[in-house]
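The values are calculated or read from the model by the stated rules, or taken from the named source; none is laboratory data. Model, not experiment: these values are computed from the prediction. Backbone-built Cβ (ideal geometry, glycine too); neighbour counts: all protein chains shown.
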Amino acid sequence: MDMNEIKEIFFQECEEQLAELESGLLKMNDGDRDPETVNAVFRAVHSIKGGAGAFGLDDLVAFAHVFETTLDCVRSNKLEPGPEVMKVMLKSADVLADLVTASRDGGSVDPSRSSGLVKELDALANGEVPHAAAAPAPAAAPAAKAAAPVAAPAPSDDSGFQPIPFSFDDDFGGEPESATPTFDVSFKPRRELYAKGNEAALLLRDLSRIGELSVHCDMDSLPSLDDIDPEASYFSWKLQITTDKGEEGIRSVFEFAEWDCDLDIKLRSEADVAPAGEEPPMVPVPFDLSILDGAGEGTAVDQAVAAAETASNVVKLAAGAAKHEKKETPAAAAAAAAAAAQNNAAAGQTIRVDLDRVDRLINLVGELVINQAMLSQSVIENDATGTSAVNMGLEELQQLTREIQDSVMAIRAQPVKPVFQRMSRIVREVADMVGKSIRLVTEGENTEVDKTVIDKLAEPLTHMIRNAVDHGIESPEKRAAAGKDPEGTIKLTAKHRSGRIVIELVDDGAGINRERVKQKAIDNELIAADANLTDEEIDNLIFAPGFSTADKISDISGRGVGMDVVKRSIQALGGRISITSRPGHGSTFTMSLPLTLAVLDGMVVTVAGQTLVVPLTAIVETLQPEAQNIHSFGSNQRLISIRNSFCPLVDVGRILNFRNIQANPIEGVALLVESEGGGQRALMVDAIQGQRQVVIKSLEANYTHVPGIAAATILGDGRVALILDVDAVVAASRGQSLKQEMSLAVAG
């Protein structure tokens, strides 16, 4: 693995750490004071800083260090994370994410943003916060005046106990203690420390940044060349560090390595101080010190670090030579295999796989499904009894194919949490720009959906969030005048429903001003001046291309680009979007999307000589209509009676213009379906061919958008079949033209 691959892994881990940081800060912003939440936030920034230092990303390291210092004040109860403090923390998380992106993509971040936040973070760390946010100063116990200085206790991230804030500069009524304590540190890495990507040299370098450090490297355990184990750890270090950070500060350096090493920290008393000239000798340095960064070139620390790096390289080179020259015995090979197996078990059961490989696997599974269907079709045509050994084998193949497909889909399934967390930043940024106070509430963040769907959700959700903040939520003054909480709320939820994922965006704003929307549509010549539209039809006008109710163009809105993009993006995913709004109370945008864009279970039907596939998740039941259950309604509407209730009967062939006259329902089959926002409808088809698992092929990518059709597939006999867009057909049955749908999509 070369350095570029390692760096790519680092940036992938940064994404995970940033997500953890965002999640923890949002919990803290909501009042969560759980020590583990604070520690998780601190560890995320600390991990990013440590990795960035290894790759020389100086800007990222510098900012993360200041951020980490302020978080440490919160962690040690020196700083109360009140609203003003959390506002700075959230902005700092945004800048940290931008710095990570810039480091990965080669861009840059506006220095004024980062430098301004550095000053704010420094001010918070120094106690320069509003009185309401500052932590009350604890009263000193009288007995403490005569007490000797002691080291601050070590933090325990997992125990729940908080470190006691202590300063050697506290006024105890006498002269302040000027002596800085010295600690003796014994550090011996274990095999696991290196297996997890940690490096002793980097730990020593970080330790040198918190105080004056002297280092002795013990190499007495280094075996002969023939006996070297390339994965073992042979060196240990005796350290002396003089620091005002206390034992807590020393342990924080080893925070992520403490479980993979033998670490002992003792406060040195005056009696323990060695006379001058009796300190352990420094290890000689065999190469130029100018290549090192850290706490000054040519210092004792640099020498020890250089020695550690050199010794480590010697071990690796020697191990390689030993393996090349030494022939392993069977017993040695077995022992090595057992050790490797043990290490693998301890390392965890997760791996990182390039998404392109998973996509290729998905495509191959799709081809497997098609070929399995073709074989089954061929056997059915040539085996009337259906009892041959080949037929039975194909049934087993079908079951195995389904299991493989489900397993591959599970690999691609990911929670929507990363996308939802990204929206928090957008809400904060846009709310600051328009001078509003808005809180984002999320639910169902762990709802899983195919990664392809997740990747394409970010753009439409971004437009919807910006629209809700800019247009939906009123200003604090208007909300207060209307008797509302000056702080607006946007609620973003995700849930599974009938084999699909449903995402709802709800705001408690003013709702849609239908009179204004209608007038704007008339002014833009989108509708006739005398058009008689329902409330739902008026609401849907905001999805028209070029439509905007903004009075002036700004950085946020007014250019007529936004909600039409949302609709096209959702339709491209095979989904639908609907709106419900109550003036004065807010609006709800509901998106219904497929869980995967690869494979679906469908009912193959025939309509006017055409073969269609109806998604099985939309079908409630199938019916054979009888004459006494069919009722006419109006000039061309029909209802079907189902268990003492009436349901509209929709001729799919007529809706899709496959035929000019309505078919006789007695001669066909009715599919009772349920759609988002349209309730139940009975779709009338000519015949049912069977139930199949089909591979989804995009029409928009290979042809163009077809109204009423979601996608296409290849059947077992090689024919192309169209996958029905049930929601579009139901909408058309309620009077919405499919041609209008297509014209809006093409115009956008």
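What the table below lists for this structure:
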{"item": "Those residues of segment 441-477 which are of a type in the set (D, E, K, R), within 13 Å of the chain's Cα centre (by Cα) and within 10 Å of PHE420 (Cα to Cα), in sequence order", "result": "GLU445"}
{"item": "Members of segment 389-445 found to be among the charged types (D, E, K, R) and touching a residue at least 12 places away in the same chain (Cβ under 8 Å), listed by number", "result": "ARG402, ARG412, LYS417, ARG422, ARG425, ARG428, GLU429, LYS436, ARG439, GLU443, GLU445"}
{"item": "Any hit, segment 415-428, residues being touching a strand residue (DSSP E or B) at 6+ places or on another chain (Cβ under 7 Å) and surrounded by fewer than 18 Cβ atoms within 10 Å (Cβ to Cβ)", "result": "yes"}
{"item": "Residue under evaluation PRO81, criteria (1) within 14 Å of LEU25 (Cα to Cα); (2) of a type outside the set (Asp, Glu); (3) touching a Gly at 6+ places or on another chain (Cβ under 8 Å), criterion not met", "result": "(3)"}
{"item": "Where SER112 falls short, out of the listed (1) modelled with pLDDT under 65; (2) within 29 Å of the chain's Cα centre (by Cα)", "result": "(1)"}
{"item": "Top-ranked residue in segment 696-723 [being polar (S, T, N, Q) and closer than 21 Å to THR617 by Cβ; ranked as surrounded by the fewest Cβ atoms within 10 Å (Cβ to Cβ)]", "result": "SER698"}
{"item": "Matching residues, segment 600-609, being of a type outside the set (Gly, Ala, Ser), surrounded by fewer than 21 Cβ atoms within 10 Å (Cβ to Cβ) and touching an Asp or Glu at 6+ places or on another chain (Cβ under 9 Å)", "result": "THR606"}
{"item": "Residues (at pLDDT below 85 and more than 23 Å from GLN377 (Cβ to Cβ)) located in segment 674-698", "result": "GLU674, SER675, GLU676, GLY677, GLY678, GLY679, GLN680, SER698"}
{"item": "Search result, residues across segment 614-650 that are under 13 Å from ARG681 (Cβ atoms) and of a type in the set (D, E, K, R)", "result": "GLU621, ARG638"}
{"item": "Out of VAL353, VAL379, sole residue that is closer than 28 Å to MET392 by Cβ and either among the polar types (S, T, N, Q) or at pLDDT 75 or above (or both)", "result": "VAL379"}
{"item": "Failed item, numbered, when SER233 is tested on (1) assigned to a strand (DSSP E or B); (2) touching a Cys at 6+ places or on another chain (Cβ under 9 Å); (3) surrounded by 20 or more Cβ atoms within 10 Å (Cβ to Cβ)", "result": "(1)"}
{"item": "Subset of segment 29-57 that is surrounded by fewer than 20 Cβ atoms within 10 Å (Cβ to Cβ) and among the aliphatic types (A, V, I, L, M) - its residue that is modelled with the highest pLDDT", "result": "ALA40"}
{"item": "In segment 405-436, the residues that are modelled with pLDDT of 85 or more and over 27 Å from ALA19 (Cβ atoms)", "result": "GLY435"}
{"item": "Restricting segment 567-609 to residues that are assigned to a loop (DSSP other than H, G, I, E, B) and under 22 Å from the mean Cα position of the chain (by Cα), the residue that is farthest from PRO486 (Cα to Cα)", "result": "ALA598"}
{"item": "Pick from segment 249-266, criterion under 32 Å from the mean Cα position of the chain (by Cα) and among the acidic types (Asp, Glu), ranking: farthest from ASP72 (Cα to Cα)", "result": "ASP260"}
{"item": "Unmet requirement for ILE570, which otherwise passes all of (1) in contact with an Asp or Glu (Cβ under 9 Å, 6 or more places away or on another chain); (2) within 24 Å of ILE709 (Cα to Cα); (3) not acidic (Asp, Glu)", "result": "(1)"}
{"item": "Filtered residue count, segment 181-227, keeping only those that are part of a strand (DSSP E or B) and under 20 Å from ALA257 (Cβ atoms)", "result": "12"}
{"item": "Pick from segment 429-451, criterion among the aliphatic types (A, V, I, L, M) and in a helix (DSSP H, G or I), ranking: surrounded by the fewest Cβ atoms within 10 Å (Cβ to Cβ)", "result": "MET433"}
{"item": "ALA481 being in the same structural domain as PHE589 (by TED's automatic domain parsing), more than 27 Å from THR596 (Cα to Cα) and crowded, with 17+ Cβ neighbours inside 10 Å", "result": "no"}
{"item": "Helices (runs of 4 or more DSSP H) wholly inside segment 461-545 that include at least 2 residues being in contact (Cβ under 8 Å) with a residue 40 or more places away in the chain", "result": "535-539"}
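Here's the yes/no breakdown for (1) assigned by TED's automatic domain parsing to the domain that holds LEU26; (2) closer than 20 Å to SER252 by Cβ; (3) not small (Gly, Ala, Ser):
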| site | (1), (2), (3) |
| --- | --- |
| ALA54 | yes, yes, no |
| ALA64 | yes, yes, no |
| THR70 | yes, yes, yes |
| SER76 | yes, yes, no |
| ALA97 | yes, no, no |
| THR101 | yes, no, yes |
| ASP105 | yes, no, yes |
